[in-house]
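The values are calculated or read from the model by the stated rules, or taken from the named source; none is laboratory data. This one's a predicted model, so the numbers in the text were calculated from it and none came from an experiment. A quick note on method: Cβ atoms are made from the backbone with ideal geometry, for glycine too, and the neighbour counts reach across all protein chains shown. Surface accessibility is based on the protein's heavy atoms, side chains included, excluding ligands, DNA and RNA. Shrake-Rupley method; radii C 1.70, N 1.55, O 1.52, S 1.80 Å.
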Amino acid sequence: MVLDLNYETLFEIAISHHYHLDDGATLFDTLSADERLAMLGRYDIGSFMSVTPTKATRAKFAGLHVVYKQTETGIITGIPYTLNGTKEQPQIVPADNMVFSFSVAINDGLFANYSSLPLKAPDGMVYFFTNDPALSQRVSPFLTATPNVYKAATDYYPGDMLVDNQATPTKLFIAQQKNNLDPTAGATPAGNWITDTLVGGKPLSYAGSADLIRQCGRVFIYQVTVAGKTPALTIKDRQGNVINVTTSLETGELNIVKADMGSLPEGLYTAHLADTGYTDDFPFYYSTDASAWAFIDICVKTSNAVYNLLQADTTLKAPVFSLRFKNRSTYWRYIGAMFGAASISANALPLTRQGFISVKVNDKNNKPITDDLPNATASLIKPETNQIFSDIFF
C-alpha cells in the first residue's frame, strides 16, 4: 500500500541578520534583486544560530504529520493537505489553542559583538519571539515586539530602539550613544540617535530589549521588593486560566515567593502578586532548558487574524513571519603611528561582514586622512563610558 501525501507550508520564519546581509552601510532590503540574491547565496543562519522544536512541539508535529526543517534563511514547516475546492485543507486541522514552540541556541561566539542587543541579557531573562500580539504590540509579519516610544528622563544606551508611534510606527530610532534625549525633537543634537532606513515607506522591526521576558525553571521564584509584604501568587496560562500550583514563602528582609511548576506544560504564563498596597504583574516563560538563548512561540490562532496560521474556514494561509536582527554600530577608533585622539569616526558605523564603508578621520596632527581606511571587524568591541568603540590597529 502506498500512502500519497501532499505537503504545503504550514508556516515559515524568515530569519535575517543584517551583519551578514547588509552591503557595508547599505541595507539589504534596498539592494537590487541580483545583489540580494548574491548576498543570500553566502548566507546561512546555521553559522550563528540553531532553531529546534521543543520536545512537546515535536510530539505535536508527529500527531499532525508536520515536517520541519531549518534552512539557510530560516525555518519552514509543512503539513499534509487535501484540496477543498481550490483551497488547501490540512488533513488534520491543528486546534485553535495549539502553540508550536522552538528553542534558539547561539552558535557564534561573536554574535553579541555584532548584534544590536544588550551585550548581556539581565539575569533571569530570555528573549521571546511570538506571533501573538496579545502579549505585546507588534506589527505583522514581525515576531519581534514593537519598541516603546520615548519616555522623558530615561537613559537610553547604544543600540536601544524607539519608535515615533507604537500602534503604527513610521520611524525607528536607534541610539548611537548613551543619552536621555527625545529623538523626535527637532533640536536633538546629532550623534545621539540615527533614524533607520524605511522599507516600503515603513520601518523594519528588530529583536531588542522589548523582547526580553522573565524565565523560570521547575521552581518559580519571586523576590518581593518591599519589606514585610507577603503577596498571594496567582498564575494563569496563555488562555487566561488560573493554574493551581503549590506555593511556599521564604521569609527574610525581602520575602521570597516560590511555586512548583514541574507538573505544568512548558510555555508562556503570567504572574499576579497582590498584598495590601502591593501588586506586581508580568509574563514569564517556563522552561527547563536553561541553555536556550531565546524561545519562539507560534500560535495557531491569535487575537489578530493577520497572524493566524489558518484562514477562517481552516484552510491554509502559509504565512511567512519575519525575525530580524540589527547589526551593531560602533565608533571606529584608529590606532597607530599616524593616528591621534581625534582619529575616531564622527558617528557610529555599522559592523558588516560584507561590503566596505568609506570612513574619514583626522590624523595625529588633526588633519583629514584621505586614504581609504580599513573597516572594523566584529572581533573586538570596547564599551567605554557612553559609547561602544571598535579599535582598528593600522
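Annotations for the structure displayed:
- Cut-off under 5 Å, modelled amide H: who pairs with Ile388 long-range: Tyr331
- If you count Lys pairs in the stretch 185-301 whose Cα atoms are under 30 Å apart, skipping same-chain pairs closer than 8 places in sequence, the total is 4.
- A convex hull fitted to the Cα coordinates of the stretch 1-43 yields 123 cubic angstrom per residue.
- Reachable aspartates and glutamates, given that their alpha-carbon falls under 13 Å from the alpha-carbon of Lys382 and they are not under 8 places away in the same chain: Asp391
- Cross-link partners of Lys151 among lysines, defined as those whose alpha carbon lies under 21 angstrom from its own and excluding same-chain residues fewer than eight positions apart: Lys171, Lys178.
- Gain upon complete extension [Lys178, Ser291; 0.36 nm per residue less C-alpha separation]: 37.7 nm
- Normalised by 2.2 N^0.38 Å, where N is the number of residues, the C-alpha radius of gyration of the stretch 297-394 stands at 1.79.
- Projected label distance in nm at Ala342 and Thr73, using a 7 Å step from Cα toward the beta-carbon: 4.7 nm
- Three-way shape label, the stretch 207-267, alpha-carbon gyration tensor, a/c 1.5: oblate
- DSSP loop GluC sites (Glu not before Pro) with at most 13 other Cβ within 10 Å excluded, longest remaining stretch of the chain: 73-252
- Against the compact-protein benchmark of 2.2 N^0.38 Å, the Cα-based radius of gyration of the stretch 118-225 scales to 1.18.
- Of Ser140, Ser358, the residue with the largest accessible area leads and the full order is Ser358, Ser140 (1.4 Å probe).
- Subtracting the Cα-Cα distance of Lys87 and Phe282 from their residue separation scaled by 0.36 nm leaves 66.2 nm.
- Within the stretch 81-118: backbone nitrogen closer than 12 Å to the Val199 label point (7 Å, Cα to C-beta): none
- Fraction of accessible area attributable to carbon and sulfur, the chain (%, probe 1.4 Å): 52 percent
- Acute angle (nearest 10 degrees) that the helix 55-64 long axis makes with the longest principal axis of the chain, alpha-carbon atoms: 60 degrees
- Residue by residue, the stretch 42-51 carries 3J(HN,Hα) couplings of 9, 9, 8, 4, x, 6, 9, 7, 10, 10 Hz when phi is fed to the Karplus relation 6.51 cos²θ - 1.76 cosθ + 1.60 (θ = phi - 60°); x denotes Gly or Pro.
- Rg/Rh for the stretch 175-279 (Cα atoms only, Rh after Kirkwood) is 1.17.
- Computed magnitude of the charge dipole of the stretch 219-274 (debye, nearest 20; Cβ of K, R +1, Cβ of D, E -1): 160 debye
- Over the stretch 94-164, equivalent-ellipsoid semi-axes from the Cα gyration tensor in Å: 25, 20, 11
- 20 Å-binned pair-distance histogram of the chain (Cα, whole percent): 24, 52, 22, 2, 0
- Alpha carbon centroid spacing (whole Å) that separates the stretch 68-138 from the stretch 191-260: 20 Å
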